[in-house]
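Novice: Here it is: the structure, laid out below.
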Amino acid sequence: MSLSIFDRGEGRFDLVYGDTEIGWVSDRAIGFNGYALRAQRDGAVDRLMVGEVSVGRLFSGGIDDGYAFELDLPPRLGATLSAAQVMYYALERSGATRPVGGPIEAA
């Protein structure tokens, strides 16, 4: 199976592996569903941290009470879509993938 990208309009794209929606691209952000990550609470937002640098957000309410994550990227849609593909395949090669489906709502 391969990763497919579907344009949902208004700057939103769904990332689908086989029949399973595994993530999204929205404006300058990429999100993936089904991965366990560490977050740092910043008010009402769970920030995804690399060292002391915030690189995105975590969303609760994933499948099996898991989390989805969204990474902030520089502006340019083409680069964002390409980055989504590269990130997914890197996660897949690492064995970290746990494809699940279902919509995730931002907090």
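Each value in this text was obtained by applying a stated rule to the coordinates, not by laboratory testing. Please read all numbers here as calculations on a predicted model, not as lab measurements. Glycine gets a Cβ as well: all are built from the backbone with ideal geometry, and neighbour counts include every protein chain shown.
Novice: Could you pull out the GluC sites (Glu not before Pro) across the stretch 1-61 that fall in loop regions by DSSP (anything but H, G, I, E, B) with no more than 12 other Cβ atoms inside 10 Å? Walk me through the numbers before you get to the answer.
Specialist: On the way: sites: E10, E21, E52; in loops: E10, E52.
In loop regions of the stretch 1-61 (DSSP not H, G, I, E or B), the sparsely surrounded GluC sites (Glu not before Pro) are E10, E52.
Novice: Now for a different question. With r as the distance between the Cβ atoms of L81 and R8 and R0 = 22 Å, compute the FRET efficiency 1/(1 + (r/R0)^6) and round to 0.05. Write out the running numbers ahead of the final one.
Specialist: On the way: r = 13 Å, r/R0 = 0.58.
Working from the Cβ atoms, E equals 0.95.
Novice: While we're on this one: Stretch M1-R28 to full length: gain in nm at 0.36 nm per residue minus the Cα-Cα span?
Specialist: Numbers: separation 27, 0.36 × 27 = 9.72 nm, distance 2.63 nm.
Roughly 7.1 nm would be gained on extension.
Novice: Can you list the trypsin sites (Lys or Arg not before Pro) in the stretch 1-64 that are in a DSSP coil and have 13 or fewer other beta carbons within 10 angstrom?
Specialist: Numbers: sites: R8, R12, R28, R38, R41, R47, R57; in loops: R28, R38.
Here the trypsin sites (Lys or Arg not before Pro) that fit, given the DSSP loop and packing criteria, are R38.
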